[in-house]
1. Does D25 qualify as being buried (at least 19 other Cβ atoms within 10 Å of the Cβ) and either touching a residue at least 24 places away in the same chain (Cβ under 8 Å) or touching a Lys or Arg at 6+ places or on another chain (Cβ under 8 Å) (or both)?
2. For region 103-121: of the residues being at pLDDT 90 or above and not hydroxyl-bearing (S, T, Y), which is nearest to the chain's Cα centre (by Cα)?
3. Just one of the numbered conditions (1) surrounded by 13 or more Cβ atoms within 10 Å (Cβ to Cβ); (2) part of a loop (DSSP other than H, G, I, E, B) is not true of D37; which one?
4. State whether one or more residues within region 178-187 are under 23 Å from H141 (Cβ atoms) and either at pLDDT 95 or above or hydrophobic (A, V, I, L, M, F, W, C) (or both).
5. Please determine whether any residue of region 41-61 is touching a helix residue (DSSP H, G or I) at 6+ places or on another chain (Cβ under 6 Å), charged (D, E, K, R) and within 23 Å of R19 (Cα to Cα).
6. When you scan region 43-159 for helices (runs of 4 or more DSSP H) that lie fully inside it, which ones turn up with 2 or more residues that are under 27 Å from T202 (Cα atoms) and without any contact (Cβ under 8 Å) to a residue 60 or more places away in the chain?
7. Can you work out which of the residues in region 123-136 that are surrounded by fewer than 17 Cβ atoms within 10 Å (Cβ to Cβ) and not charged (D, E, K, R) is nearest to M18 (Cα to Cα)?
8. Check K59 against each of (1) touching a Ser or Thr at 6+ places or on another chain (Cβ under 7 Å); (2) under 26 Å from P182 (Cβ atoms) and name the one condition it does not meet.
Amino acid sequence: MTDGRHGGNLPPETIKKMRAKEAADEREFLGITDFHDFDIEDGKLSALDKKSKARVVEKIAGLVSSSDVVFIPTSAEAHPDHRATYELAHHAVRSAKTPLEVNYLVWLFPFYLHDPRKIEKVLKVDIDKQFSRKQEGIRRHASQVEWGRYDEIIDHVNRYFSLIYSAYKPRGGDHVEILGVPRVNKNYESFVKALQNVEDVTTVFHGRSGQQIKA
């Protein structure tokens, strides 16, 4: 969505080229061949005018129109570009109608609050078998790892999710992802079946589950 030019203290054009190369390295590592770059200046995504936002939404809707599932950041993100990405992609998915929208967490977020008006299902997915690959993908963004230690951060984040969503019950995996589904559609069941070691944690109780004190 954005060009990353302000993600450090080097000259903006230097960082932009660096980030583009790192992103390309990660796509090659993950086997991603179909890619679209909106190339919007870092930090400016939420400041787009209405016509520009409409064009972005229309483009995203076209790109995902034949998709079964679309992953986008959650609205709870603290980073303004991440929140803006959610708003644009959320409207695009609604416009496309067919895909199942799945929200995920990136960085710099407040706690992921379950709001039944916004999130219909919250899923905990064990990613122990995939974690080393996820961490290696992040390390392909060498400048961000050097400046921000994101490869270390994600280890703690995914461990934290494992702990906080297993309070008062067996923990399961050491590393988990938390995914939110705003609205279940016909693709939901097949999506869940395709996941390994997934648990519905939409309702989290504090302490004795029989009392249903929701957290």
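1. no
2. Result: N103.
3. Unmet condition: (1).
4. yes
5. Taking every residue of region 41-61 in turn, none turns out to be touching a helix residue (DSSP H, G or I) at 6+ places or on another chain (Cβ under 6 Å), charged (D, E, K, R) and within 23 Å of R19 (Cα to Cα).
6. 80-96, 128-139
7. So the residue we want is S132.
8. Evaluating K59 over (1) touching a Ser or Thr at 6+ places or on another chain (Cβ under 7 Å); (2) under 26 Å from P182 (Cβ atoms) leaves (1) as the failure.
The values are calculated or read from the model by the stated rules, or taken from the named source; none is laboratory data. A quick note: this is a predicted structure, and the numbers were derived from the prediction, not measured. Every residue, glycine as well, gets a Cβ built from its backbone with ideal geometry; the counts of neighbours run over all protein chains shown.
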